1. If you take the beta carbon distance between D471 and A445 as r and set R0 to 25 Å, what does 1/(1 + (r/R0)^6) give as a FRET efficiency, to the nearest 0.05?
2. Determine the relative contact order of the chain: mean sequence separation of Cα pairs under 8 Å and six or more apart, normalised by residue count, in whole percent.
3. Measure off 7 Å from each Cα along the Cα-to-Cβ vector at Q268 and D342, then give the distance between these two points in nanometres to one decimal.
4. Could you tell me what percent of the DSSP beta bridges with both partners in the chain are antiparallel, to the nearest 5?
5. At 7 Å along Cα-to-Cβ for each site, give me the label-to-label distance between K149 and L214 in nm.
6. Based on the alpha carbons, how large is the Rg to Rh ratio for segment 16-115 when Rh follows Kirkwood?
7. With a 1.4 Å probe and all protein chains left in place, how much accessible area per residue does segment 151-190 have, in Å²?
8. Ignoring ligands, DNA and RNA, what percent of the accessible area of segment 360-407 is carbon or sulfur (1.4 Å)?
Amino acid sequence: MLITTLDNPPDWMSLDDARRCVSEELHGFLDRAATVPACEEQPALALRVSAGVGKTDGALRVLAARGRELLKGGHVLVFVPSHDLAEQAHEDFERFSAELPSMVLRGRGATNPATDAPMCGKADLASRISRIVGSVKDGLCETKDFLGKRRKASCRDACAYFAQLPRQNSVVFLSHSYLRSGVPLAGDVSLRIIDEKCLGQLTYSQGLSIEDWLEVGAPPVGAELDKARGTVFDALRAGAPVIRALRDKGFDKISMKRFAQDERRGRQALEIRPWSPVNQQEKQIEAFDLAALQASRGRAAIWSLLATVWDQDCTERLTLDVVGSGEGGATCSSIRRHGRRDLPRDAPLVLLDADADPVITEAIAPGARFVRVDVKPVANVVQINDRTFSTSSMIAGADAKAMRAGVLSVVEREAAKAPNGALLIATRKVLRQLQQEESPGGDHASDEALLRPLRGAVPRWFGPRLQGVNDYKNFDTAIVIGRLEPGVAAIEDQMRALFGDGDAPLQLLKHSAGACGWFPAGQGAYLTDRDEFVPAATRQHPDPRGAAILSLNREAHTIQALARLRAVGAKSPKRIILVSSVPLPGVPVNCLTSWKALVANRPAIELSSKFKCLEKAMFSACGEHLTDGLRLSRRGIAEDARHAFPGKT
């Protein structure tokens with residue numbers, strides 16, 4: 001969450017103490033979890049650990065030490081942001097405990113390391129029908145026929161995807177995407193560990209066009225259902241509570257459940273069988289009306305949501321949005337449904353995240369123990385405090401060209417002083433514009449083009465692909481230009497998904513004057529290297545829950561990018577240049593300066609008019625240096641510096 005108070009500096013630990021704390025917290029948590037009856041909700045632990053301390057490494061060591069005990073109760077699932085990081089974590093784990101059964105779970109479309117082919121021979125078909133059928137396995141791999149006999153596809157027995165699935169309890173490394181799709185493993189789970197932030201996999205906002213909601217042009221479905229659909233739409237359009245409007249029209253919770261059930265029963269299903277020829281399966285998929293299925297699912301989900309929250313009298317998880325101008329200038333609206341996927345609590349849960357927030361943690365893992373472990377980075381941090389350096393100002397602002405020229409000069413200067421390498425971090429759009437400045441007319445559309453060195457620095461862009469990357473740990477310098485800029489709508493979609501049915505109403509900007517894309521001005525603070533706070537103007541969400549989500553989507557990505565230098569525990573200070581005035585929680589700043597001063601490579605005070613006047617006074621009127629110095633008495637100034645202070649003599 002953004003730092004908004006001026007009296008709560010982090011409780012810094014030494015690196016050794018921090019690593020010891022992580023280990024002790026994990027061991028203590030597992031000890032306590034072992035005493036909780038299996039029939040009860042299992043406990044959760046959230047560890048907010050400074051990037052670079054080695055939280056993942058510490059967790060893997062604890063797993064190695066207690067693996068045999070844990071595996072007696074089921075699989076241990078370790079979720080990481082990407083498949084590549086799952087491979088890396090598995091490799092690290094095997095160094096600590098090669099004898100424990102462990103694996104990386106690869107999806108159907110992932111590359112089989114033994115053959116360089118997809119894990120599933122029908123990976124493309126599987127991807128296409130995953131949005132249609134409830135079970136890809138039943139549709140393409142094996143299922144029972146109409147006589148109850150289990151039948152398989154011809155490729156099933158030789159399938160690498162199924163061959164990888166463990167026959168014994170194992171430590172399984174897998175990507176965050178399985179938090180959304182579900183883990184295709186049989187058996188119990190004894191522990192779940194989620195490494196790094198996963199909010200994007202847990203929340204969703206799904207839209208359904210008004211035409212699909214009202215089924216415009218479709219045969220009549222009944223007066224009662226038409227009346228209910230119209231009531232929902234009219235209430236949303238008027239900004240009135242939907243559930244109250246439905247009650248006033250004589251509907252109840254049973255009605256909502258019945259509408260959802262009728263919608264599910266009435267939809268068309270894809271009748272596809274594993275033993276059918278591939279060309280027949282392809283034709284069936286091609287002919288299937290996916291849009292109609294998705295619309296039916298959307299309607300059923302809205303009725304189910306209303307049934308679920310009926311007793312709460314109102315919900316903020318259902319909204320009406322204008323999504324743009326349709327053909328002929330007509331305005332198109334959609335009903336959006338916001339929600340979250342609950343984390344399973346049938347096994348102990350550990351959340352490891354350098355940016356964990358207690359407000360968000362309580363929403364996704366209620367009752368979790370929250371522990372902060374902060375280690376001060378070994379770094380010299382310079383930050384400008386007078387410009388945010390938004391992407392739009394860098395590309396199309398009034399002085400965009402001068403800003404880009406200044407950025408390139410700073411990058412060139414800093415890279416020249418970094419013998420072990422300099423990392424340049426910005427948004428994709430800004431990097432593309434800078435690359436075009438360097439190579440006009442070149443092709444800068446691909447990722448490879450964006451990664452070409454710029455003035456001696458290695459470019460990377462903000463985003464999850466930087467999480468866990470250790471390629472730049474030996475670099476001397478990081479230059480960060482701007483920051484991610486999530487919009488009001490995106491942040492408030494996540495607010496509704498996480499907190500839409502909470503006790504306290506949400507403070508929303510989306511339908512106010514501030515919803516044009518900017519968050520309102522607020523009060524933040526820079527943390528100095530002396531553990532003091534300096535007030536800072538920043539834009540943030542007025543609702544503390546919205547501020548927490550905004551920080552997770554904005555500041556946290558900058559902090560994660562800086563962590564690639566591994567300044568925590570560094571043998572010599574890293575140099576960090578922050579070309580944005582947005583304050584970063586937990587990042588101590590050694591020098592706050594202006595953009596103009598940073599470009600000039602001079603202290604900000606030296607660019608002030610008073611300093612320039614004093615500098616002029618140190619020389620005589622003919623330009624010679626005053627060898628005896630400047631006398632500060634009225635007479636001395638009149639005789640020595642009349643040319644510099646004409647109005648003061």
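1. With a Förster radius of 25 Å, E is 0.60.
2. Working: 1084 pairs, mean separation 121.3, N = 649.
Computed over the chain, the figure is 19 percent.
3. Taking the simple label geometry, Q268 and D342 are separated by 3.5 nm.
4. On the way: 27 of 77 bridges.
Antiparallel: roughly 35 percent of the beta bridges in the chain.
5. Result for the modelled spin labels: 5.3 nm.
6. On the way: Rg = 15.0 Å, Rh = 15.2 Å.
Result: Rg/Rh = 0.99.
7. Working: 2110 Å² over 40 residues.
That works out to 53 Å² per residue.
8. Numbers: 1060 of 1970 Å².
So the carbon and sulfur contribution to the accessible surface is 54 percent.
The values are calculated or read from the model by the stated rules, or taken from the named source; none is laboratory data. The structure displayed is predicted, hence computed values, not measured ones. As a convention, Cβ positions derive from the backbone with ideal geometry for all residues, glycine included, and neighbour counts pool all protein chains shown. Heavy atoms of the whole protein, side chains included, go into the accessibility calculation; ligands, DNA and RNA do not. Shrake-Rupley method; radii C 1.70, N 1.55, O 1.52, S 1.80 Å.
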